[in-house]
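Worksheet: one structure, shown below.
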Amino acid sequence: KKQMTPDESADGQDRGVLSHFTLLGTAERGRLLLLMHTSLPAKILALSFDQDKLTCTPISADENAPLFNLSIQSVSGQPWLYAMPGAGCVGAYRDGKIVTIACPGVPILADSAGRLWTLSKQQLGVIVDDRSTSVTVPDLTPDARLYEGPDGRLWLVHESGIDRVELVNGTPALTHHYALHQPLNVFQGFIDSANGLWLGGGRVGRFQLPQ
């Protein structure tokens, strides 16, 4: 751990050294910035600020950690790190370390309960307590999206409609299906404070989710 003034860099030489790092995200509710070096082996730094001082701390990672270049930030402040194209694993920041966890899909949502949801070919997966499980959804496509409502309920939006997603004995399950009058082809949107699902594209529509 080293303290630096704003004119110093992570190695005490010139500030250009940080140009070799990419910003992954934040940890500890924004108190840390996580940076990763752009070459193997994985080298991760945590930067924190205290008035005019910058503290740089090396973060240990598993030997098989890939070059993470993307992150999903959960509401709870937990950063999940991953690489594109899929590297078969994700990284979780735990007690000053990056822990690598097997992940067959692409991360699509970090929910308020600290779980990471993933999407792969006809599979909706979730990582709970560092364990990955999934459910088969035959008509699932890469365009599908998973949204969390203000009440914590999860909704899968895909071509054939909207499904309520729950964990049943630790495994994802689609418990309620709501068919739409016409097939969906746009899945980008959000859920408002009244549990209304907004989807946009060429047209904007709102679907009132059941209470």
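The values are calculated or read from the model by the stated rules, or taken from the named source; none is laboratory data. Remember, predicted model here, so these are calculated numbers, not experimental data. For neighbour counting, all protein chains shown are included, and Cβ atoms are generated from backbone atoms with ideal geometry for every residue, glycine included. Surface areas here come from the heavy atoms of the whole protein model, side chains and all, with no ligands, DNA or RNA. Shrake-Rupley method; radii C 1.70, N 1.55, O 1.52, S 1.80 Å.
A few comments on the model shown:
- Carbon-plus-sulfur accessible fraction, the range 100-147 (probe radius 1.4 Å, protein heavy atoms only): 50%.
- Label-to-label distance, nm, for residues given as Ser60 and Thr133 (7 Å Cα→Cβ offset): 3.1
- Between Ala194 and Thr141, the modelled label-to-label distance comes to 3.1 nm, taking each label 7 Å out from Cα in the direction of the beta carbon.
- In plain terms, the bigger the Kirkwood radius, the slower the diffusion; for the range 83-135, with that radius from Cα pairs, at 20 °C and 1.002 mPa s, Stokes-Einstein puts D at 191 µm²/s.
- His20 accessible area, assembled protein chains, probe 1.4 Å, Å²: 90
- Per residue, the solvent-accessible area of the range 136-184 (1.4 Å probe, heavy atoms of protein chains only, all protein chains present) comes to 52 Å².
- For the range 132-211 versus the range 70-121, the gap between their alpha-carbon centres in whole angstrom: 20
- On a per residue basis, the range 24-121 carries 49 Å² of accessible surface, using protein heavy atoms and a 1.4 Å probe.
- Highest-first packing order for the peptide set 114-123, 162-171, 68-77 is 114-123, 68-77, 162-171, based on the mean count of other beta carbon atoms within 10 Å.
- In the range 59-119, Cα pairs under 8 Å separated by at least six residues give a relative contact order of 30 percent.
- For the pair Ser160 and Asp52, a Förster radius of 41 Å applied to the C-beta separation gives a FRET efficiency near 0.15, rounded to the nearest 0.05.
- Stretch gain in nm, segment Thr38-Asn169, where the contour uses 0.36 nm per residue and the Cα spacing is subtracted: 43.2 nm
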